[in-house]
1. Considering only the stretch 211-226, how many residues are within 13 Å of the chain's Cα centre (by Cα) and of a type in the set (Gly, Ala, Ser)?
2. Quick one: what pairs do we get from the stretch 60-76, first residue over 21 Å from His109 (Cα atoms), second assigned to a helix (DSSP H, G or I) and at pLDDT 95 or above, C-beta under 6 Å, 6+ apart or different chains?
3. Looking at the stretch 1-43, which of its residues are within 17 Å of Gly81 (Cα to Cα) and among the hydroxyl-bearing types (Ser, Thr, Tyr)?
4. Can you pull out the residues in the stretch 76-104 that are of a type outside the set (Gly, Ala, Ser) and assigned to a helix (DSSP H, G or I)?
5. Can you work out which of the residues in the stretch 82-98 that are polar (S, T, N, Q) and either over 21 Å from the mean Cα position of the chain (by Cα) or farther than 9 Å from Leu9 by Cα (or both) is surrounded by the most Cβ atoms within 10 Å (Cβ to Cβ)?
6. Among the residues of the stretch 1-15, count how many are touching a Phe, Trp or Tyr at 6+ places or on another chain (Cβ under 8 Å) and of a type outside the set (D, E, K, R).
7. What tally of residues in the stretch 68-81 results from selecting those that are touching a Ser or Thr at 6+ places or on another chain (Cβ under 9 Å), at negative phi and surrounded by fewer than 18 Cβ atoms within 10 Å (Cβ to Cβ)?
Amino acid sequence: MTSPRPVVLVTGAGAGIGRACAITLASHGYHVIAADRDERSAESTTRHIGDHGGFGDAHVCDVTNSAAVDAMVDMIIRKHGALDGAVNNAGISGARVGIADLDDEAWIHTRSIDLDGVLYCMRAEIRAMRPRGRGSIVNMASILSTVAVSNAAAYITAKHGVLGLTRSAALDYAQDGIRINAVGPGFIDVERRRDMAADVRHDLTARHPIGRLGSPEDVAELVTFLMSERARNITGSFVPTDGGYTVH
């Protein structure tokens, strides 16, 4: 069965940027597979999509399990006939310690979600898209794919790796009609930042020339553009959405 709507997979779709991407893509006519390791969160996203006239399915998946990722993409093909796009967003911020204090467990945990998970997802998605000769993948990188802050080595290393994976895959599969890009959010006003002390929030906001923190919807609009045919000449790109943070 082939879906009458383009089908897009969004990982980490249960909250924050992933949820905003799933909802925004659905509002633009995509059938969204909202994947998350938390079932209730994934279902909450798809319920919101349905309540607003969109189409979506919830799916539970741990992106660190390559077999589970392969099975998820196989399910999408069996159920919908094709995978047109994917947003590889699942990620964590990781331990906030210096390298000398970064233990093996924290390093592996962050890398396995933020980098290995992107590889596993891209690999399965490309295999699904290649026979049809088209597809669009957007990887959720970060401004920390190009710059650094202190005490975040595992996250920064993983996000630098996401940028490398994106550029490599874009070259490898351009002739197959698959576009692969990365988005670089700055400091986004997600739930975990809303409890910051007022002075900390003020200082963080002041680092953004635009004068505010970005919203998940800001990122989602950029992702939706890159997913669409309006971006048909863009591949292998890293596009920041950071309120000017990396300009100065």
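The values are calculated or read from the model by the stated rules, or taken from the named source; none is laboratory data. Computed from a prediction, not measured in an experiment: that's the story for all the values here. Glycine gets a Cβ as well: all are built from the backbone with ideal geometry, and neighbour counts include every protein chain shown.
1. So the count comes out to 1.
2. Val73/Ala124; Val73/Ala128
3. Within the stretch 1-43, Thr2, Ser3, Tyr30 qualify.
4. Ile76, Ile77, Arg78, Lys79, His80, Ile99, Asp101, Asp104
5. Pass one, the stretch 82-98, residues polar (S, T, N, Q): 88-89, 93.
With the extra rule that they be either over 21 Å from the mean Cα position of the chain (by Cα) or farther than 9 Å from Leu9 by Cα (or both), the set shrinks to 89, 93.
On the way: Asn89: 31, Ser93: 13.
Selected residue: Asn89.
6. Step one: filter the stretch 1-15 for residues touching a Phe, Trp or Tyr at 6+ places or on another chain (Cβ under 8 Å), giving 5-8.
From what's left, of a type outside the set (D, E, K, R): 6-8.
So the count comes out to 3.
7. The qualifying residues number 1.
To keep it simple, each residue is scored yes or no on (1) surrounded by fewer than 16 Cβ atoms within 10 Å (Cβ to Cβ); (2) of a type in the set (S, T, N, Q); (3) closer than 22 Å to Val87 by Cα.
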position	(1), (2), (3)
Ser145	no, yes, yes
Leu165	no, no, yes
Asp172	yes, no, yes
Gly177	yes, no, yes
Pro185	no, no, yes
Ile188	no, no, yes
Asp199	yes, no, no
Pro209	yes, no, no
Asp218	no, no, yes
